[in-house]
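Here the structure comes first, spelled out in structure tokens, and everything after it is commentary.
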Amino acid sequence: MTKIIHPIAGVIAFLMVASFWASTAFVEVFGDTAHIVWVKTAIPWGFLVLVPAMAAAGGSGISMRRRGPLVNAKRSRM
């Protein structure tokens with residue numbers, strides 16, 4: 001089950017962060033003040049999806065108990 005949850009949660013978390021960044025960059029370049037305020041207000045509501053996705057990715061990654069040099073290097077960074 002963790003082999004299914006981990007990549008899905010990781011992709012969701014990555015896409016959320018990418019959408020936060022892209023929407024901010026787009027609206028700063030092409031939007032007016034009202035659009036900028038709307039995006040900056042909407043991003044914290046996205047945390048309701050981002051935080052559980054990151055927790056699921058982290059928890060499922062720890063519970064997989066995989067070994068190897070790449071996994072050990074990542075674990076030392078975390």
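Values as computed for the structure displayed
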| item | result |
| --- | --- |
| Using alpha-carbon coordinates, inclination of helix 33-63 to the longest axis of the chain, degrees | 0 degrees |
| Average accessible area per residue (Å²) across the chain - probe 1.4 Å, nucleic acids and ligands excluded | 78 Å² |
| Total charge dipole magnitude, the chain, about the Cα centre, Cβ charges on Lys, Arg, Asp, Glu only, Debye to nearest 20 | 760 debye |
| Spacing of the two label points (7 Å from each Cα toward its C-beta) at LEU70 and GLU28, in nm | 3.2 nm |
| Calculated over the chain: convex hull of Cα atoms, volume per residue (Å³) | 95 Å³ |
| The chain: trypsin sites (Lys or Arg not before Pro) in DSSP loop, at most 16 other beta carbons within 10 Å | ARG65, ARG66, ARG67 |
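The values are calculated or read from the model by the stated rules, or taken from the named source; none is laboratory data. Keep in mind that what you see is a predicted model, and the values were worked out from it rather than measured. Note that we place each Cβ from the backbone using ideal geometry, even for glycine, and neighbour counts take in every protein chain shown. Only protein heavy atoms, including side chains, enter the accessible area calculation; ligands, DNA and RNA are left aside. Shrake-Rupley method; radii C 1.70, N 1.55, O 1.52, S 1.80 Å.
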